[in-house]
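First up is the structure itself, then whatever we jot down about it.
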Amino acid sequence: MTEKALWWQKGIIYQIYPRSYQDRTGNGIGDLWGVRERLDYIVDLGVDAIWFSPIYPSPMKDFGYDVSDYVDINPMFGGMDAFDRLLEDAHKKGLKVIIDLVPNHTSDQHAWFKESRCSKDNPKRDWYIWADPKPDGSPPNNWLSFFGGPAWTYDEKTEQYYLHQFVPEQPELNYRNPEVKQAMLDVIDFWMKKGVDGLRVDVIWLMMKDEQLRDNPPNPDWDGVNPFNSIIHKYNMGLPEVHDLIKEFRAVLDRYPDRFMVGEIYQPNEELMTYYGDNDECHTPYNMQLINTEWNAKKVREAVDAYEAILPEGAQPNWVLGNHDQHRTASRIGRDQARVANMLLLTLRGTPTTYYGEELGMTNAVIPPEFVQDPPAVNQPEIAHIVGRDPERTPMQWDDSPNAGFSEAGVQTWLPVNENYLYINVKEEKEDEFSFLALYKALTKLRRTEPALNMGSYRSVDAGDDEIFAFVREYEGEDSFLVVLNFTNRIKTLDMSEISRTAEIAVSTDMLSEGPVKLGALIMAGNQGLVLRI
């Protein structure tokens, strides 16, 4: 990588779930006017780009992932005027803007699907995936929905089933039809012309399905908990043909300067790497390993090393700690280790993505049954605690006023505010020099100013203790850094003199430790991480 690295190669991405960031219209739902008011806070975090979860017009059966119009903005969020002003202001402040593209499926209220379901001979019938019932009237095959039950819904009027791998109100597009493909390419071109800097493409690996709609094989290793895992999803995910489609998406972005495409893909490393293509598919496919790997030093080191080892030449790595589909980091591993996790995220090689509130150490909220809204939790209450995503989507915690400063006092927010907002909030943490927020800003500042951290190489090193993860970041002609992370709550004494005899503490997770240290007898507190200048 050179000094001319692109913004997404050096930068930090900050994911905003728009319903939950800032309500400025007083309806208890976040909006783009609210985000616009918080741009200075986002700039002050030291991030480079905002990624918005879907903001299109939508009936909200899956909170925006059921799109009814790809080239407009939901009035709930302020409409296109709010978006245009936000985009302009963000660019003036040096922030890039990434939006979600949801190409696998539309809403059943999209004009395309309304036409498609009119009759079997409608010109748009083949824009979606329709199939006849089996002789006994059951669905065409055994494919299952991520959100519970069959992936097929019967249409009484036309006496066929249509495919949906999420809620029934999300019918899936048929990309074997060239008209569908062209329509989506036109959507991408629309947003590129508007000046959007990048796309996060939802479930990008699902877009092509087996032409014969064959049954998926049973999963012999199913644990009997989530029925979705009872089959191996061979014929509805990751088909080879999807790569040609992604290349066509990328070709549209490449007509515009400095644009970025990241794909949502839950696949093993070997499969994940194929989505780089020959630098003609995703600029980077999302890497969820820090979310899915057991949180101990040995396992995390192995995961990072394995990922780094298999990356294609010149490919950009990326790292994610949390998102709108995953329980919050501080709830998964505890708040003490969440500080260590933020240090790891912001010092690894590649593009990091932070989910809103992770900079504060926000935790999952307890959602009373009457407030549960997420479709998989509503449809499968017996495993709601496993599949429900409401707990990580609660309102941003700005201060200790009613509704945490997210919405006006007395307004019923769309999800309840986490009760710990009284002490986990932006106002409180801004005034505390040792807070999560202070640590996050110290790390982003260091990363932005040090080439070794934003462009340098990575190599893990042996700390002589499997409960410690240590690695070196280097860039030719610049200062190098040793990152040492204690994954336990116990004091550790390490001999790392092979790296260097001495070092200087650049950032410590406790925000207390500073000054020179001797690496031959490096003492680390429990739950401590150190970024050391060597």
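The Rg/Rh ratio for the stretch 247-333 is 1.01, where Rg is the radius of gyration of the alpha carbons and Rh is the Kirkwood radius. Accessible surface for THR25 stands near 80 Å², nearest 10, in the context of the full protein assembly shown (1.4 Å probe). All other residues whose Cβ lies under 12 angstrom from that of GLU241 are scored, Lys and Arg at +1 and Asp and Glu at -1, for a net of 0.
Dividing the C-alpha radius of gyration of the stretch 87-162 by 2.2 N^0.38 Å, with N its residue count, gives 1.60. When the convex hull of its Cα atoms is viewed from all sides, the stretch 146-277 shows a mean projected area of 10.0 nm². Under 28 Å of direct C-alpha separation, and excluding same-chain neighbours fewer than eight residues apart, LYS209 reaches these lysines: LYS61, LYS114, LYS120, LYS124, LYS134, LYS157, LYS181, LYS234, LYS247. In summary, the chain shows an alpha-carbon radius of gyration equal to 0.99 times the 2.2 N^0.38 Å reference for compact globular proteins. For the chain, the fraction of 1.4 Å probe accessible surface lying on carbon and sulfur atoms is 48 percent. Each helix, a run of at least 4 DSSP H residues, gives -39500 (n - 2.57); summed and divided by the residues of the chain, these come to -7000 deg cm²/dmol at 222 nm. Label sites at LEU185 and ARG85, each approximated as a point 7 angstrom past Cα along Cα to Cβ, lie 3.7 nm apart.
Normalising by residue count, the stretch 343-384 has a Cα convex hull of 124 Å³ per residue.
Near GLN15, the amide H atoms lying under 5 Å from its own belong to TRP51, THR354, TYR355, TYR356; only residues 5 or more places off or on other chains count, and H is placed 1.01 Å from N.
Per residue, how much accessible area does the stretch 407-474 show when a 1.4 Å probe rolls over the protein heavy atoms, in square angstrom?
On a per-residue basis, 45 Å².
Stretching the chain fully between ASP40 and ASN296 yields a gain of 88.6 nm (0.36 nm per residue, less the alpha carbon separation).
Can you work out the accessible area per residue across the stretch 121-268, with the rest of the protein chains kept in place, probe 1.4 Å, in square angstrom?
About 42 Å² of surface per residue is accessible.
The GluC sites (Glu not before Pro) of the stretch 307-364 meeting both criteria, a DSSP state outside H, G, I, E and B (loop) and at most 12 other C-beta atoms within 10 angstrom of the site's C-beta, are GLU313. At q = 0.10, 0.11, 0.15, 0.21 Å⁻¹ the log10 of I(q)/I(0) for the stretch 301-414 amounts to -0.40, -0.48, -0.80, -1.16, computed by Debye summation with a single uniform scatterer per C-alpha, solvent ignored.
Show me the ranking of peptides 86-95, 514-523 by mean Cβ neighbours inside 10 Å, starting with the highest.
86-95, 514-523
With R₀ set to 30 Å, the beta-carbon distance separating ARG214 from LYS157 gives a calculated FRET efficiency near 0.65. Extension gain, TYR423-ASP336: 0.36 nm per intervening residue step, less the Cα-Cα distance, totals 29.8 nm.
The values are calculated or read from the model by the stated rules, or taken from the named source; none is laboratory data. Because the structure is a prediction, the values reported are computed rather than measured. Because the Cβ atoms are built from the backbone with ideal geometry, glycine has one as well, and the counts that use them run over all protein chains shown. Ligands, DNA and RNA are excluded from the accessible area calculation, which covers all protein heavy atoms including side chains. Shrake-Rupley method; radii C 1.70, N 1.55, O 1.52, S 1.80 Å.
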